[in-house]
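Notes follow once the structure below has been shown.
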Amino acid sequence: MGRLSKPTIRDVANMAGVSPATVSYVLAGRSGGSTTRISEPTKERVLLAAKELGYVASIAARGMRRGKTDTVAVAIENMDAPWDRALAQTANRMLPAHGYRVVILLGQEAWRNFMLSGGADGAILGFSTKTEDEKRTILDLAKRGVAQVVVSQFMEPEGFDVLSVDPAPGIADAAAYLAGRHKRIAVIHDAISSPGKPGTMLDLFRAGLEQTGTTLDETLVRASAGSWRRACHEALELLALPDPPTAFFATADLEARCVSGAAMLKGIAVPEHLEIIAVENPQLGQNTELPLATVVPGPTEHLAVDLLLARLKGEAPEAGLRIPVPWTLHHRRGVHEALQSPISAGV
């Protein structure tokens, strides 16, 4: 547009038809001030205007003049979750030794806005279900040459590296373990987590049982649909059967908690008379009050940081790497000791 000087926040505001304050809120990943809320269409207009003008937020302006920001973003969902916390702590410990500041961002909107405004040289995107908007942002950033490491079950590398968290091996181990100890195995799954997508936790568990020559009794399979009330109802109903299950496979935290609670109400000892294996559950597995086995992803935080450093240094393949990270079956301390002998009701 014939401009000699760099665009300002006021230029972005004029193009988007909003106030400079609104631009500031959007680029900072905020939803507005104490009395106003910014709509999604307005956010999109601001981001598009900033992109078209080549505007760089002040947090990154000095770095962009030098060609780099010396900053790495780590995008996670929840600092209370052990995996997320471990990733943030590892990045904070390792990256400063290589000359990088670390910015921890919570939630998809915060990291997208920060990275699209040029806030960091690279990003590690922690394990979560990536939305279509997030996928587009990842591809856009890769085209700009931004170094990225993405932790994902389904994404493929395309100018960025992928740590492919694969639950299949751990779930197969869980299926084989339960099949060797029980005849009545129930499943409560979250049907809304990945509807219709091949390789769901239920599909993987069913396949794991088939590898042992065991067929899953479909009358013992129930869906929670993401509702704790429904999960608890289904667990109680299954435990009230004339021939109740002696083991449960739960695909998420919510289902496992409900099964454990239902067993308590029924006076059934866990794990002595009812075994529960929970998937995708690193936080639950650390809860000493719940005697469960868990299928959890292996530690990936050091690998994620090392991969990002290699890409920042230009040492990674341009197309990107895909590195599988298998999940494993983990018996909490105390559970294993309680299960040294087969459960008489299940064998």
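Summary of computed values
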{"item": "The one condition in (1) within 27 Å of the chain's Cα centre (by Cα); (2) modelled with pLDDT of 85 or more that residue 48 fails to fulfil", "result": "(1)"}
{"item": "Residue match in the stretch 16-32 (condition: out of contact with any strand residue (DSSP E or B) (no Cβ under 7 Å at 6 or more places or on another chain), under 30 Å from residue 297 (Cβ atoms), modelled with pLDDT of 80 or more and not in a helix (DSSP H, G or I))", "result": "no"}
{"item": "Odd one out for residue 128, checked against (1) in the same structural domain as residue 83 (by TED's automatic domain parsing); (2) assigned to a loop (DSSP other than H, G, I, E, B); (3) over 19 Å from the mean Cα position of the chain (by Cα); (4) not aliphatic (A, V, I, L, M)", "result": "(3)"}
{"item": "Criterion violated by residue 80 - all others in (1) among the charged types (D, E, K, R); (2) surrounded by 17 or more Cβ atoms within 10 Å (Cβ to Cβ); (3) under 22 Å from residue 253 (Cβ atoms) satisfied", "result": "(2)"}
{"item": "Qualifying residues in the stretch 136-175 (those that are in contact (Cβ under 8 Å) with a residue 60 or more places away in the chain and among the acidic types (Asp, Glu)) - the one farthest from residue 295 (Cα to Cα)", "result": "158"}
{"item": "Answer from 323, 268 - the residue that is modelled with pLDDT of 90 or more, in contact with a Leu (Cβ under 6 Å, 6 or more places away or on another chain) and not assigned by TED's automatic domain parsing to the domain that holds residue 229", "result": "323"}
{"item": "Every residue from the stretch 74-90 that is touching a residue at least 12 places away in the same chain (Cβ under 8 Å) and more than 18 Å from residue 307 (Cβ to Cβ)", "result": "77, 78, 79, 80, 81, 82"}
{"item": "Strands (runs of 3 or more DSSP E) contained in the stretch 152-255 and holding at least 3 residues modelled with pLDDT of 95 or more", "result": "185-189, 247-250"}
{"item": "Options 238, 202, 178, 216; residue that is free of Cβ contacts under 8 Å to residues at least 40 places away in the same chain and either more than 26 Å from the chain's Cα centre (by Cα) or more than 30 Å from residue 74 (Cα to Cα) (or both)", "result": "216"}
{"item": "Of residues in the stretch 51-74 being among the charged types (D, E, K, R) and farther than 17 Å from residue 8 by Cβ, the one modelled with the lowest pLDDT", "result": "66"}
{"item": "Inter-residue pairs, beta-carbon under 9 Å, first assigned by TED's automatic domain parsing to the domain that holds residue 40 and in the stretch 1-22, second modelled with pLDDT under 85 and among the aromatic types (Phe, Trp, Tyr), 6+ apart", "result": "6/55; 7/55; 8/55; 9/55; 11/55; 12/55"}
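To keep it simple, each residue is scored yes or no on (1) touching a residue at least 40 places away in the same chain (Cβ under 8 Å); (2) touching a Phe, Trp or Tyr at 6+ places or on another chain (Cβ under 9 Å); (3) under 19 Å from residue 160 (Cα atoms).
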residue: 92; (1), (2), (3): no, no, no
residue: 104; (1), (2), (3): no, no, no
residue: 113; (1), (2), (3): yes, no, yes
residue: 127; (1), (2), (3): yes, yes, yes
residue: 130; (1), (2), (3): no, yes, yes
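The values are calculated or read from the model by the stated rules, or taken from the named source; none is laboratory data. In this text the structure is predicted, and so the values were computed from the model without any measurement. Glycine gets a Cβ as well: all are built from the backbone with ideal geometry, and neighbour counts include every protein chain shown.
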